[in-house]
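Read-outs throughout are calculated quantities, based only on the coordinates presented, and are distinct from any laboratory measurement. This one's a predicted model, so the numbers in the text were calculated from it and none came from an experiment. Positions of Cβ are generated from backbone atoms using ideal geometry, with glycine treated the same way; all protein chains shown enter the neighbour counts.
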Amino acid sequence: MNTQAHVLPTYGRAPISAARGEGSYLYDTEGRRYVDFCAGIATCSLGHCHPVLVEALCKQAHELMHCSNLYAIPQQEELAALIVEKIVGIPGRVFFCNSGAEANDGIIKVARRFGHRRPAADGSPRYEVITFNKSFHGRTLGSMAATGQAKIQVEFDPLLVGFKYVDFNDAEALRAAISKETCGIMLEAIQGEGGVNPATPEFMQTVAELCREHDLLFMVDEVQCGFGRCGAPMGWQAVCPTVQPDLISCAKGIGGGFPMGCFWVSNRAMDEAGTELSSIMGPGSHGSTFGGTPLACSAGLAVVKEILAADLPARAAALGEKVKAEVESWNLPVVECVRGHGLLRGVGLRAGSFTVPEGTTPAGYVNSLCMQAGLLACPAGPDTLRLIPALTVPEEVLAEGLNILKNVLSQLG
């Protein structure tokens, strides 16, 4: 039976049907168990069906699942305060949405409004955002245009104007790209989908300095990197904790598997009168029917509180170093390097070191072999296998998954 006969074929789906999850294991409809190093693509931060998340959802579902954002929702303020004070650590305000693409659209809107309020010297509004080649910011018309990958933009032109792409970690190219229309610079601390490419601390510092020098907004996409994934509450803190962004987009790990996103806007003064940046998004400037529902915020509160209480960022940092050291210790000719921070790790595959079937990529091929062997991971670009297990993954399950990976890689070449 074709279980996808009535679903649009927008995904290149693997030949398994997920049935249930338990911690860091996923089970298919045939009863087979897989070690899950994909975690919903870095979304199930507490693993599958964590008791604190299940309990929070069940309790809130019995009380109030949804109401309009025309009314105050107490859970929003509680979660926003937790994000501002304990995760970001910089005064600001939060808007709740449903996904990372929505969050990125939101910070793009803030940047454009900023460019109107702080125009160029000739009085013309600034609207351009510089992003980076191999970046990924989503698939809405706005976030897709911000993404520096032509492959996701095919036949969706004309794209939203106002984006310029430069090479990642290239400070001189970035400096040269700034024009009188530029209002912001947007980047991921680690390019997840683009190959698990970390920003260098020096590059992050340069971005911050250029933003202050040219009155630009420093925009950080934390959709995949945030909420403990990279060994710190936010990914930029793991890469270069001395910088301070102006805008941050978040999703994935904040809900632990429940659909949720948000973006944070700094309270810093944006002009001589002391006007706070976060004040420019007033009533009518943005909205979401389902963003920040009582049910979603209850899920987010449960997840974020557990991440903080269990100090999962520190745990991710320690386990991530173990993953790196273990894979490097194999000394396999097919492995070129291990990149990333915390539990966002990319195993770089050496070009030409093994034969790949026609029509696939090295990463796609290795990923399929891992799946057949009982390990779920995911590709990150053509030559990188991404390992993104739950932040709660037990060490023995981590070892089990790495042993499967080692056996797969050892048979290549």
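Laid out as a table, the results:
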| item | result |
| --- | --- |
| Folded to 0 to 90 degrees: helix 362-373 orientation relative to the chain principal axis, Cα | 50 degrees |
| Computed E for Asn407/Ala150 - FRET, C-beta separation, R0 41 angstrom, nearest 0.05 | 0.70 |
| Linear extension gain, Glu55 paired with Arg20, 0.36 nm per residue minus alpha-carbon span | 10.9 nm |
| Radius 13 Å from Cβ of Ile280, net charge of other residues (Lys, Arg +1; Asp, Glu -1) | +4 |
| Separation between Cα centres of segment 224-280 and segment 1-74, rounded to whole Å | 25 Å |
| Whole-number Å³ per residue for the convex hull built on Cα positions in the chain | 157 Å³ |
| Qualifying GluC sites (Glu not before Pro) for segment 322-413 [loop in DSSP, other Cβ within 10 Å: at most 10] | Glu358 |
| Dipole of segment 54-309, positive direction: furthest Cα of Ser124, Gln205, Thr293, with charges on the beta-carbon | Thr293 |
| Label-to-label distance, nm, for residues given as Ser285 and Gln244 (7 Å Cα→Cβ offset) | 1.9 nm |
| Lys pairs under 14 Å by Cα in segment 54-309, provided they are eight or more residues apart or on distinct chains | 4 |
| Förster radius 41 Å - calculated FRET efficiency between Arg13 and Glu202 (Cβ-Cβ, nearest 0.05) | 0.50 |
| Rough spin-label spacing in nm, given labels placed 7 Å along Cα→Cβ, for Ala5 and Ala325 | 5.4 nm |
| Local net charge near Ile152, Cβ-Cβ under 13 Å (Lys/Arg +1, Asp/Glu -1) | 0 |
| Cβ-based net charge around Glu202, under 14 Å, with every Lys or Arg adding one and every Asp or Glu removing one | -2 |
| Most to least packed among 6-18, 49-61, 183-195 [average Cβ atoms within 10 Å] | 183-195, 49-61, 6-18 |
